[in-house]
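For reference, the structure is listed below as structure tokens.
Coordinate-derived values only; no laboratory data. Values in this document were obtained by computation on a predicted structure and should not be read as measured data. For neighbour counting, all protein chains shown are included, and Cβ atoms are generated from backbone atoms with ideal geometry for every residue, glycine included.
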Amino acid sequence: MNVLTIGGATQDVLLHYDGADIMTISQQHGTQSYLLFEAGEKIEVDGIELLTGGGATNVAVSFKRQGFNTACICIVGSDEAGNYIIQDLQREGVDTQYVKQITTTATGTSYIVTSRHSDRTIFTYRGANTHLTFTDINEEAVHNASYIYITSLSGNAADMLPELTTLAKKHRIPIAINPGKSQLASNTKTLKESLKNMDILIVNSSEARILMSTLSRHDNHFKTAFLNTKSQNPCILNQADDTPYLLNQSIACQGDFFSITNFFNTTLTMGPRIVVVTNGANGVYVGSQNMMYFHPSIRIPVINTVGAGDAFGSCFVGSIINGLSIEEALTRGIANSASVLSHQGAKAGLLTATMLKDKTASIVNKLQTFSL
């Protein structure tokens, strides 16, 4: 099986700093936490690590460790950081012949500030990632792929999504997509046009809220479809809870209240056969045909949250490609994500096929199913 990943590539600079305080502010629909630094001060960090990140490279390494032949399409600068990313992919055995280097813009870079609370704040420079266009997509690479996994497309790169998905369908290549917040907020129209060509849509709960809000804002049909008229008691997203609380509570966004059940039912009619909503510490929800699946997260000490979503999505899709059931794919994806959460960086904890088999065997299955 050949998997082609498309999207972003960054050099990740991890700044280890345990001295930051967290401020939590109560808002209308839940709470928001902020990392605090004293203004005007020089802050000494506890350590620095140079790693690689970006959705396309993270999932490429994950698929390769699962045993797939993997190639990556992304753009980096003709600089030290760009060379470092390419060398890192090559060390993992990922095919880098479609990685483009440009001289006009520097490689995308993320500065990740960790905290003693095991969370992180990320300062991101998109850089060369915004220069990815349809002309950079090698048609032979698409034709030779057994599956395509598209990660977040930055800036103008998101405009190519309809052409890209149409090309894939021309060659009858199934597609999974995991768009990011910025893409959903500014390029919802292109995503909407492209959904008819997609097989699997993966978003986190915050991204699902943005997608629901932006689609309904521009189309009353979607507002009517998504709107939850039963309850206007909004939930707090991403809370540690082993119960599927999104099923019974509303998701609030800009004064409207949405239902995750309606979200699944509506998006499934737009093209994808499987729609996934990850909800952090709570767990993962999957909609397919007339069924919804939920599995809570594994309770582990969290070292790092960078790349956990990529780890889940790539392993879930890899399991589906291998013919496993949605239930098995859910369990494997959660195991892979939990492993990344217990390591620094986006790639260190990614599991091999053998390790996944061992890890999932030790997980107490708490899967729940519901009718949609």
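Annotations
- The orientation-averaged projected area of the convex hull spanned by the Cα atoms of the stretch 24-167 comes to 12.3 nm².
- Cross-link pairs exceeding 29 Å between alpha carbons, from the set 181/347; 100/189; 223/347: 223/347.
- Whichever lysines have a C-alpha closer than 16 Å to that of residue 196, once near sequence neighbours (fewer than 8 apart) are set aside: 169, 170
- Residue-span extension gain [residue 220 to residue 291] - 0.36 nm each, minus C-alpha spacing: 23.0 nm
- Straight-distance candidates among the lysines for linking to residue 357, with alpha-carbon spacing under 16 Å and chain neighbours fewer than 8 residues away dropped: 64.
- Cα shape, the chain, gyration tensor, a/c 1.5 rule: rounded
- Global form of the stretch 175-258, assessed from the alpha-carbon gyration tensor, a/c cut-off 1.5: oblate
- For the pair the stretch 127-194 and the stretch 231-295, the centres of their Cα atoms are 25 angstrom apart.
- Between residue 46 and residue 21, the contour length at 0.36 nm per residue exceeds the Cα-Cα span by 7.5 nm.
- Residues of the stretch 42-66 with amide N under 14 Å of the 7 Å Cα→Cβ point at residue 357: 66
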